[in-house]
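No value in this document is a laboratory result; all are computed from the given coordinates. The structure displayed is predicted, hence computed values, not measured ones.
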Amino acid sequence: MGSEDVRAGDGVWDDDEGREVLRRADRATRRGWTAIAGVTGLLGCALVTFLVVALLAVLGGVYVVMVGNR
């Protein structure tokens with residue numbers, strides 16, 4: 001075992017295997033954050049759409065009440 005070896009549990013991995021594991025973990029982390037960002041963006045768009053529809057419903061209700069009181 002040289003100074004380049006990385007110990008993990010009971011086994012010993014050489015540096016190339018350890019680097020590959022770290023690369024794969026980094027890639028998975030990036031994919032996870034990309035998914036989280038995408039879902040957050042979709043939820044934000046849905047919230048804005050809901051608020052616009054709710055505002056239009058309130059304005060429509062106010063209009064109906066005002067026209068009915070003439």
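Listed values, structure above:
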quantity: Net lengthening on full extension, residue 16/residue 34 (0.36 nm per residue, minus Cα-Cα); calculated: 3.8 nm
quantity: Volume of the Cα convex hull of region 6-68, divided per residue and given in Å³; calculated: 66
